[in-house]
Every structure is written in C-alpha cells, then in structure tokens.
C-alpha cells in the first residue's frame, strides 16, 4: 500500500470512528421494555475494531514518515517545517492586516494612529512563506504517492 493510500484510509477511519461513536451514544439508553434502534454490543465491536486498525495504521504512517528522506529531511521533519511555516504565515498576515488599518484621525488635534511595522515587507515575507509551503506540500504529495507504507 502506498503512503497516500494509508493517509486516505486513516481519514476514512476517523470518519467511521466518529460515526460509530455518535451511533453508540444514540443507542446507549432506551426506554424500559424497548429495544435500541441498533445493537450497542455490535456497534461497540465495530468501534473497537476500527480503533485497533486506526492505531496500527498511525504507527505504520509514523514509521514510514520517520524513515523516508527527501531533500535531506525525513517526511516527519518536512511536515513539521510546513506546519511551523503555516503558523508563522498566519501570524505575519495577521500583523500586516492589523497594521494596514491605516493612519487616521477625526480632527487635526486628535492622536494619529500609525503602523509600527513595514506592511509591504511583511507581505513580501508572507508571500515567500506561502511559496515554500506550496513547495513542501507538493514534495509531500509526490512522496506519498511513490512511497510504500512500512510494515
């Protein structure tokens, strides 16, 4: 199985686990003398089996990510770098947006509000970060479809 397929399966299992949890909660109580709409024991067995598969799959994905190297970094390092850049990018954009409110004053005697940062420079840096995030994402996608999942 390719790493990309395992990642898709993990997402499917996440949805299945959430759905089974919801159905278990809905069928956890019933009126005396009535039967639940679905058998809670059967749902619980399905839930436990999905969790077990999910755990195995995550271990295999993590093992594969830690052993696969591209551009001198493991996939784990690439993912961490991409995540950190996303946080940094959002921060730069938020700061630039806040500073872009402009200088204003209602009357000549009021205090002027001015930006304390170079908005153009921040936006330029943010554009570079966005470009690097796209590059890393493309590298991850390509690698995911060409790498076999570790057993």
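Every number here is computed from the coordinates shown, using simple stated rules; none is lab data. All of these numbers come straight from a predicted model, not from anything done at the bench. Methodologically, a virtual Cβ is constructed for each residue, glycine included, from the backbone with ideal geometry; neighbour enumeration extends over all protein chains shown.
Numbers below:
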{"item": "Rule-of-thumb Rg ratio for the range 29-138 [Cα; 2.2 N^0.38 Å; N residues]", "result": "1.98"}
{"item": "Stretchable slack from residue 42 to residue 59, in nm (0.36 nm times residue separation minus alpha-carbon distance)", "result": "3.5 nm"}
{"item": "Order of 64, 143, 30, 76 under a 10 Å beta carbon neighbour criterion, fewest first", "result": "30, 76, 143, 64"}
{"item": "Taking 142, 110 and counting other C-beta atoms within 10 Å, the order from fewest to most", "result": "110, 142"}
